[in-house]
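Accompanying notes for the structure given below.
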Amino acid sequence: MHSKEDILLKVSEQLKQSAEADVEITAETNIAEQFALDSVKVLDLLMEIEDDFDVSVPLNLMADVQTVNDLVEVIYKLESEK
Amino acid sequence: MSLFDKFSTFLEESEPLLSIKPDIFGTKIEKLYSSTEASIDGRRVLLAGTNNYLGLTFAPECIAAAHKAIDDEGTGTTGSRMANGNYDGHRALERELAEFYDCATGIVFSTGYQANLGTISGLVGSGDVLLIDAHCHASIYDGCKLSGAEVIRFRHNDVADLDKRLNRLGDRAQSTLIVVEGIYSMLGDTAPLGEITKCKQKYGSYLLIDEAHSLGVLGDTGQGLVEVAGVGNAVDFITGTFSKSLGSIGGYCVSNHQQLDVIRYLSRPYIFTASPSPSNIASARAALVLLKNGNALREQLWEHANKLYSHLLGLDLDLGPEPGPVIAAQLDTTEEALRIWSSLIEKGIYVNLIFPPASPKNKPLIRISVSAAHTEEQINFICNTFSEIM
């Protein structure tokens, strides 16, 4: 079980790797807008993040994910339910 | 903020593509000469982007059956299958499709899109899980959304990833429907169905395969990938469309689970729409007979597909992983994709042009579909034209 801080760190690393430019990532960063990612790219990136935490994030939950922190909360919740 | 503000943004961003003539996203077919030739923008062109895999849209048997149905039953049913739109022909086609797949039951829908929408949302509901290949068609994604179930994607054609995700579900794997396609519409590759079937059996899950692009194309009798993989009985639900190899419009689901029939009372895309017209049903029934006995057509189709695939591979185009009637070349830039599409149209060949997010890997696609009705000269013409413009 990871802490929210750990999850934020790992999610930020994955996002940095997929970003074309060197951008600063915070908990409030808007994933789709900041990285100019379309919905499919976000979902493909999500698969990498899912492997890091051994969880599957349902698409239904992604509808409410806007910021990095939203995603951290979803992963934290799924991990704690395991 | 107006309702139409989002349209302004869309139109602004899409302007470079929308201003191209002829219209990429709404190419007007002015006149059809045959299943493989038409007039576009005043020019006679070879059609190589139609999904008309067996070339049956002009088959005399299908045309005669459609004419007779119009004469006998009129132009439309004007009602739902649940009300006044349930004709003898609809029921007969359902029986014929079930027999074709050696299944207990079958349901006909008004389109292939609705077959996936109606089957998935009818079978799966809140509390259940849908586990879908990432490259699945929009009709599958939309059916998932309508179902209200938990929806999880697995990596395209990656059985290890599917296994991992089923394992994570624990007991919930037993109320999970896995969804894959026979031939994937974007890159034309097939699913590793044997391994997927073993995986679903290991976890006690259910499996649905969409044979939209593989019906009539794969297997000795044209059933699709289930026939080639020899796993028909292990697949729980098979969906497909009449609008590709059968040259009509409509869709179906067949199954050995008799409970499939219950979705006639639950599936909104089945209930709340008019049933397929009598002529569509009649031509699909006639085409199904031709498809079953269509080995010569399939041989012709595969000969064309193999020849074109190897020729394009020789031109260093980034093609899908295997030859088939859907041959897609991934391009690095929108400009290159547009250049190829426009050059082909100028030289008299129509193909499909697809942009992300509809195409995978964030790359534009030039997609060619081959037909059994193409002549050897027409396939040579496509090969030579690609050689000229690449």
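The values are calculated or read from the model by the stated rules, or taken from the named source; none is laboratory data. If you're wondering where the values come from, they're calculated on a predicted model, not measured in any experiment. Every residue, glycine as well, gets a Cβ built from its backbone with ideal geometry; the counts of neighbours run over all protein chains shown.
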Contact list, first residue from the range B:154-173 and free of Cβ contacts under 8 Å to residues at least 24 places away in the same chain and in a helix (DSSP H, G or I), second anywhere and among the basic types (Lys, Arg) and surrounded by 15 or more Cβ atoms within 10 Å (Cβ to Cβ), beta-carbon distance below 9 Å, six or more apart or interchain, is B:Asp161/B:Arg155
Of everything in the range B:166-187 that's farther than 18 Å from B:Tyr206 by Cβ and more than 12 Å from chain A (Cβ to nearest Cβ), which residue is nearest to the chain's Cα centre (by Cα)?
-> B:Ser185
Over the range B:150-165, the set of residues more than 7 Å from every other protein chain (Cβ to nearest Cβ), among the basic types (Lys, Arg) and crowded, with 21+ Cβ neighbours inside 10 Å is none
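Whether any residue in the range B:211-219 is more than 30 Å from B:Arg81 (Cα to Cα) and of a type in the set (Asp, Glu) is what I want to check. Even if it seems obvious, please write down each step before you answer.
Of all residues in the range B:211-219, those more than 30 Å from B:Arg81 (Cα to Cα) come to B:218-219.
When the remaining residues are screened for being of a type in the set (Asp, Glu), the result is none.
For the range B:211-219, residues more than 30 Å from B:Arg81 (Cα to Cα) and of a type in the set (Asp, Glu): absent.
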Counted residues in the range B:240-254 being under 16 Å from B:Ala92 (Cα atoms) and assigned to a strand (DSSP E or B) come to 4
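Checking the conditions here, which among B:Thr36, B:Thr27, B:Thr9 is under 23 Å from B:Gly324 (Cβ atoms) and either modelled with pLDDT under 90 or of a type outside the set (Gly, Ala, Ser) (or both)?
On the way: B:Thr27 fails: under 23 Å from B:Gly324 (Cβ atoms); B:Thr9 fails: under 23 Å from B:Gly324 (Cβ atoms).
Within the list B:Thr36, B:Thr27, B:Thr9, the selection yields B:Thr36.
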Counting only residues that are among the charged types (D, E, K, R) and buried (at least 20 other Cβ atoms within 10 Å of the Cβ), how many does the range B:166-187 have?
-> 1
When residues of the range B:99-119 are limited to those that are aliphatic (A, V, I, L, M) and touching a Leu at 6+ places or on another chain (Cβ under 7 Å), the one nearest to the other protein chains (Cβ to nearest Cβ) = B:Leu117
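How many residues does the range A:13-34 hold that are farther than 20 Å from A:Asp64 by Cβ and either modelled with pLDDT of 90 or more or in a helix (DSSP H, G or I) (or both)? Working first, answer last.
In the first step, residues of the range A:13-34 are kept if they are farther than 20 Å from A:Asp64 by Cβ; the result is A:13, A:16-24.
If we keep only those that are either modelled with pLDDT of 90 or more or in a helix (DSSP H, G or I) (or both) too, we end up with A:13, A:16-18.
The number of residues fulfilling the criteria is 4.
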Output yes when any residue across the range B:215-230 is surrounded by fewer than 21 Cβ atoms within 10 Å (Cβ to Cβ), in contact with a Lys or Arg (Cβ under 6 Å, 6 or more places away or on another chain) and not in a strand (DSSP E or B), and no when none is.
-> yes
If we scan the range B:116-131, do we find a residue that is under 30 Å from B:Glu322 (Cα atoms) and over 22 Å from the mean Cα position of the chain (by Cα)?
-> no
Identify the single condition in (1) crowded, with 23+ Cβ neighbours inside 10 Å; (2) closer than 30 Å to B:Phe381 by Cβ; (3) without any contact (Cβ under 8 Å) to a residue 60 or more places away in the chain that B:Pro60 does not satisfy, given that it satisfies every other one.
-> (1)
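Given the structure, is B:Gly122 of a type outside the set (A, V, I, L, M), under 23 Å from B:Ile238 (Cα atoms) and assigned to a strand (DSSP E or B)?
On the way: of a type outside the set (A, V, I, L, M): yes; under 23 Å from B:Ile238 (Cα atoms): yes; assigned to a strand (DSSP E or B): no.
Judged against the criteria, B:Gly122 is not a match.
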Are there any pairs, at least 6 apart or on different chains, whose C-beta atoms fall under 8 Å, with the first in the range B:286-313 and free of Cβ contacts under 8 Å to residues at least 24 places away in the same chain and the second part of a helix (DSSP H, G or I) and surrounded by fewer than 16 Cβ atoms within 10 Å (Cβ to Cβ), and if so, which?
-> none
Residue check, B:Thr190 of a type in the set (S, T, N, Q), in contact with a Phe, Trp or Tyr (Cβ under 9 Å, 6 or more places away or on another chain) and within 14 Å of chain A (Cβ to nearest Cβ) | no
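What tally of residues in the range B:250-262 results from selecting those that are within 23 Å of B:Thr77 (Cβ to Cβ) and surrounded by fewer than 20 Cβ atoms within 10 Å (Cβ to Cβ)?
Of the residues in the range B:250-262, 2 are within 23 Å of B:Thr77 (Cβ to Cβ) and surrounded by fewer than 20 Cβ atoms within 10 Å (Cβ to Cβ).
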If you check every pair at least six apart or on different chains, which have Cβ atoms under 9 Å apart with a residue in the range B:174-197 that is on the phi > 0 side of the Ramachandran plot and in contact (Cβ under 8 Å) with a residue 60 or more places away in the chain first and a residue that is hydroxyl-bearing (Ser, Thr, Tyr) and part of a strand (DSSP E or B) second?
-> B:Gly188/B:Ser369
Are any residues in the range A:48-68 surrounded by fewer than 18 Cβ atoms within 10 Å (Cβ to Cβ), in a helix (DSSP H, G or I) and within 9 Å of chain B (Cβ to nearest Cβ), and if so, which ones?
-> A:Asp51, A:Asn60, A:Leu61
So B:Lys202, is it free of Cβ contacts under 8 Å to residues at least 24 places away in the same chain and of a type in the set (Lys, Arg) = no
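For the range B:354-373, does any single residue satisfy the condition of being more than 14 Å from chain A (Cβ to nearest Cβ) and part of a helix (DSSP H, G or I)? Walk me through it before giving the result.
Initial filter on the range B:354-373 (more than 14 Å from chain A (Cβ to nearest Cβ)): B:366-373.
Restricting the remaining residues to those that are part of a helix (DSSP H, G or I) gives none.
No - not one qualifying residue is present in the range B:354-373.
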